[in-house]
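**Q** Here's a structure for you.
Nothing in this text is a laboratory measurement; each read-out follows from the coordinates by a stated rule. Being a predicted model, the structure only gives us computed values, none of them experimental. Glycine also receives a Cβ, built like all others from the backbone with ideal geometry; neighbour counts cover every protein chain displayed.
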Amino acid sequence: MFSIKKEDTTSKTFRIPNSILSKLEKLSDEKNISLSKLVIQCCEYALENLEENDKK
C-alpha cells in the first residue's frame, strides 16, 4: 500500500559565500532538484567521506 513519508526537518539559517551559492543554484537547476535537497546531499556526502582523523 502507498504511504506518504515525511522526514523530520529543522529550519536553520546558514551564511554561504555568494560564489558557492551561485554554483549550487546552477547545479540544482541543471539537475532539476531543489536547492535544499542538493545541500542536504552535499552535506551527507561530506560527512560520510570525512578522513578518519577529522571525525574525532
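**Q** Name every residue in region 3-56 that is part of a loop (DSSP other than H, G, I, E, B) and either small (Gly, Ala, Ser) or touching a strand residue (DSSP E or B) at 6+ places or on another chain (Cβ under 7 Å) (or both), in order of residue number.
**A** Looking only at region 3-56, we keep the residues that are part of a loop (DSSP other than H, G, I, E, B), and these are 3-17, 31-34, 49-51, 55-56.
SER3, SER11, SER34 - these are the residues of region 3-56 that are part of a loop (DSSP other than H, G, I, E, B) and either small (Gly, Ala, Ser) or touching a strand residue (DSSP E or B) at 6+ places or on another chain (Cβ under 7 Å) (or both).
**Q** Here's a follow-up. Which members of region 1-45 meet the condition of being polar (S, T, N, Q) and either surrounded by 10 or more Cβ atoms within 10 Å (Cβ to Cβ) or touching a Ser or Thr at 6+ places or on another chain (Cβ under 7 Å) (or both)?
**A** At the first step, the residues of region 1-45 found to be polar (S, T, N, Q) are 3, 9-11, 13, 18-19, 22, 28, 32, 34, 36, 41.
Matches in region 1-45: SER22, SER28, SER34, SER36, GLN41.
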